[in-house]
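The values are calculated or read from the model by the stated rules, or taken from the named source; none is laboratory data. Quantities reported herein were computed from a predicted structural model and do not represent experimental measurements. Cβ placement follows ideal geometry from the backbone for every residue including glycine, while neighbour counts extend to all protein chains displayed.
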Amino acid sequence: MAKKKKTEKEEKSEPQEQQKPQEQVAERRLYIGKIYVKDFSFESPQAPQVFNKTDWKPQMDLNFRSNYAALDNEHHEIVLTITIEAKAEDKTLFLLELQQAGIFEIVGYGGEELGAIIGSYCPNILFPYARESIASLIQKGGFPEFVLQPINFDALYAQSKQKQAAAQAETAEKH
């Protein structure tokens, strides 16, 4: 069956597909632009005497934090800082600090979504790079293999949000 060709008048009277203005349709992008080491330091103040020990059972202190800086409207630098201090008998065996950073293109996200991307998603991307660098440097420092266990950045982000909410509630009660 041949299709009937529509007249110009018929074409104009048919409902057009609903198209939202360009301002209402937000393009969403999340790209990794660059991953790099921003700062890395390692100290072993007890070397070489520390290597004479045969009973390697140090106490490990591990600290994480992440920082965020907007480079422009679309590009953001996220820095995951990891500090590890190994002590034995109140003496520091080694101290390591790494700032693993990344530039992320984040477009079309706002509010809680942007906060979750910056506070959880991006640190999750950076962590494997930091983990590999840390393990390598500790071993190159003459110490036994160090395996940094996985970190649940989603839980850390949720915990951070709870602390912020509690602090805001406490501040509101005081005023």
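Which residue pairs have Cβ atoms under 7 Å apart, sit 6 or more places apart or on different chains, and have a first residue in region 50-69 that is exposed (fewer than 12 other Cβ atoms within 10 Å of the Cβ) and a second that is part of a strand (DSSP E or B) and basic (Lys, Arg)?
The qualifying pairs are GLN59/LYS87.
Looking only at residues that are under 13 Å from LEU62 (Cβ atoms) and surrounded by fewer than 12 Cβ atoms within 10 Å (Cβ to Cβ) in region 129-157, which one is farthest from the chain's Cα centre (by Cα)?
Residues of region 129-157 that are under 13 Å from LEU62 (Cβ atoms), as a first pass: 130-131, 134, 138, 146-151, 156.
Next cut, surrounded by fewer than 12 Cβ atoms within 10 Å (Cβ to Cβ) only: 147, 149-150.
Details: VAL147: 19, GLN149: 16, PRO150: 13 Å.
The qualifying residue farthest from the chain's Cα centre (by Cα) is VAL147.
How do the strands (runs of 3 or more DSSP E) wholly within region 53-111 filter down when requiring 2 or more residues that are of a type in the set (Asp, Glu): which remain? Spell out how you get there, then give the answer.
On the way: elements: 59-70, 75-88, 91-107.
Fully inside region 53-111 and qualifying: 75-88, 91-107.
Would you please list the contacts, defined by Cβ atoms under 7 Å and residues six or more apart or on different chains, that run from a residue in region 116-139 that is closer than 24 Å to PHE42 by Cβ to a residue that is modelled with pLDDT under 95 and assigned to a helix (DSSP H, G or I)?
Within 7 Å, the pairs are PRO123/PHE153.
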